[in-house]
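In what follows, a single structure is set out as structure tokens and then discussed.
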């Protein structure tokens, strides 16, 4: 299978590049299921459609409720700019909405 293409806004892209972000979190479904997101798959993180990108492989994959995923990974690996767990949850829900299930995957650059 080809690489998993993941477009990001500037801030999360820069977090991967400079601020220690090592996991991407998405609402579970469509291309973000275990069928497409699995350990060892190549991944391309792209800053929007600007052409600037980072390449790597998928490491760990965690699925479940937001609370479950954050307890397994730790919020700083997903949202390094958040000061508290509560702030991280609020930011995530503002971006992704309140979903029943999420998938988080490690990006090893």
| request: Could you tell me which residue of the stretch 43-54 is surrounded by the most Cβ atoms within 10 Å (Cβ to Cβ), considering only residues that are more than 18 Å from residue 31 (Cα to Cα) and at pLDDT 95 or above? | output: 47
| remark: Those residues of the stretch 30-54 which are assigned to a strand (DSSP E or B) and in contact (Cβ under 8 Å) with a residue 60 or more places away in the chain amount to 32, 43, 45
| request: Evaluate the stretch 5-13: report whether one residue or more is surrounded by fewer than 21 Cβ atoms within 10 Å (Cβ to Cβ) and over 24 Å from residue 98 (Cα atoms). | output: no
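Can you say whether residue 59 is closer than 18 Å to residue 8 by Cβ, surrounded by fewer than 18 Cβ atoms within 10 Å (Cβ to Cβ) and touching a helix residue (DSSP H, G or I) at 6+ places or on another chain (Cβ under 8 Å), as far as the supplied structure shows? Reasoning before the result, please.
Details: closer than 18 Å to residue 8 by Cβ: yes; surrounded by fewer than 18 Cβ atoms within 10 Å (Cβ to Cβ): yes; touching a helix residue (DSSP H, G or I) at 6+ places or on another chain (Cβ under 8 Å): no.
Taking the combined requirement at face value, the residue does not satisfy it.
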| field | Selected residue (only one of 99, 90, 72, 83 is modelled with pLDDT under 95 and either loosely packed, with under 14 Cβ neighbours inside 10 Å or over 17 Å from residue 12 (Cα atoms) (or both)) | value | 99
| Listed residues 99, 62, 72, 90; which is assigned to a strand (DSSP E or B) and more than 18 Å from residue 7 (Cβ to Cβ)? | 62
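The values are calculated or read from the model by the stated rules, or taken from the named source; none is laboratory data. For clarity, every value in this text was computed on a predicted model and none was experimentally measured. Methodologically, a virtual Cβ is constructed for each residue, glycine included, from the backbone with ideal geometry; neighbour enumeration extends over all protein chains shown.
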